[in-house]
Amino acid sequence: MTTVSRAAPAQTLTAAPFGRTMLAFTLAALLVSGQIYVVIPLLPDMAATWRGDPGSLTWLVTAFGAGYGVGFLLFGPLSDRLGRRRLLLAGLPVAAAGTALVALSPSPELALVLRAVQGVAVATFPPAALAYVAERVEPRRRVVAISAVTGAFLVSAVLLQIAAQVLVDVIGWRGLFALSAAGLVAAWLGLRAVMLPDGPAGSAGTPRPSGAGGSSRAERSSGAVVWKELPAAYRTVPALLRDGALLLRYAATVVLMAGFVALYTGLQLHGVTASSGELLALRAAGLPAMITVPLLMGRLGRVAAPARAVAMLAAGALVLAATALTGAAGMGLVLLLAAYAATVTGGLPSLNEAVSGRAGQARGTALALFSFSLAVGAGVGSQVAAAFGGFTALLYGLAALMGVAALAVLASTRR
């Protein structure tokens, strides 16, 4: 999931150490983004603990997605104003605490609230992290760095589900949330060790002069100005939401992400296979495509972003329809799921570029709204899966939605 902010002038910045920075940020991205998906394999065990229905507990995914989306809208502009390091190092401890409290939750109702809190706190990471990488990694390595972090966001959807399925029988669902909390603390410590200092408030990318001690009067004045001007960061949102073409592209983004989450949730809810080994293989099916497709995007970049998005959405609709029509199982289903994952992996950056190209000078805020759309889709997807009575019906429904989304993006090019 990507949120892009304007970087400070390159000559004012100190380059971050590439290897340590990439290791810390990529591992943190896997853990942070994966928190929305890790609960999917845990639904049966959580339902058994609380004597409930796994389908009703899909709201735990939705609550996190709602908090995550709200956090994107809040923290994207705040990252510009308050500083990348300040925001990130304040948010991750809160996320760790919220995650640990989910592990201790005595009821699904309290867990629902805590998952929303967890989502809001975790949302401090993507906008601050991507802006920091864009500003502080030396230019010749910047594309690789951004691709590594954004790729980790998507790969986490598979890796965290696999880890949860493997570990839940060993440490239980509460133990998994406790382990996630410990991981977030470790991520905070790693980022704290490698991130360079922010400048004074309001100059997120500019390093603080060496030897600076406590807050000076000028810094306090600067901070006061930042908070006073903070509402200005949000003033472009209504104008962007009045752009019909952007609205259509945001809607398509919601559909694409909702379908992705709904498919994986459906594998869990609708008993596609009785074997845990086969379920593990189905979850892992998309991983090779998620790694390979970004390597091919350079060649596909010659095609206009909206056209690429239309093609990926239409291809995804066809793959889902073919899966439903053939009743594929076993290796056939694995291959079709891999093809579907390829369309999602290619469709998300294409929609990102389509939004960015349309937004002009409001690109940063437009992409914050794009990230919000991703979070909404991720949150809604679990409810979509629960709404259908079987896996085949879910596939047909998702195929229809992706077809409509392809037509919406095509219509947006004519506005």
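Details
- Val120 vs. criteria of a type in the set (Val, Ile, Thr), touching a helix residue (DSSP H, G or I) at 6+ places or on another chain (Cβ under 7 Å) and within 23 Å of Asp198 (Cα to Cα): yes
- All told, Ala289 meets the bar of being modelled with pLDDT under 80, within 17 Å of Ala339 (Cα to Cα), under 19 Å from the mean Cα position of the chain (by Cα) and hydrophobic (A, V, I, L, M, F, W, C).
- Only one entry in Leu325, Leu296, Leu318 is at pLDDT below 80, over 18 Å from Met257 (Cβ atoms) and either crowded, with 19+ Cβ neighbours inside 10 Å or not assigned by TED's automatic domain parsing to the domain that holds Leu154 (or both), namely Leu296.
- Scanning the range 20-70 for residues that are charged (D, E, K, R) and farther than 22 Å from Leu159 by Cβ gives Arg51, Asp53.
- The range 88-100 residues that are in the same structural domain as Trp173 (by TED's automatic domain parsing), paired with ones that are in a helix (DSSP H, G or I) and basic (Lys, Arg) (beta carbon under 7 Å, 6 or more apart): Leu89/Arg192
- Whichever residue in the range 237-268 is closer than 11 Å to Val384 by Cβ and more than 16 Å from the chain's Cα centre (by Cα) and, among such residues, is modelled with the highest pLDDT: Leu263
- Close pairs (7 angstrom Cβ cut-off, 6 or more residues apart or separate chains): in contact (Cβ under 8 Å) with a residue 12 or more places away in the chain and buried (at least 19 other Cβ atoms within 10 Å of the Cβ) in the range 101-125, of a type in the set (Ser, Thr, Tyr) and not in a helix (DSSP H, G or I) anywhere: Ala111/Ser105; Leu114/Ser105
The values are calculated or read from the model by the stated rules, or taken from the named source; none is laboratory data. Since this is a predicted model, take the numbers as computed values, not measurements. Quick reminder, even Gly has a Cβ in these numbers, built from the backbone with ideal geometry, and neighbours come from all protein chains shown.
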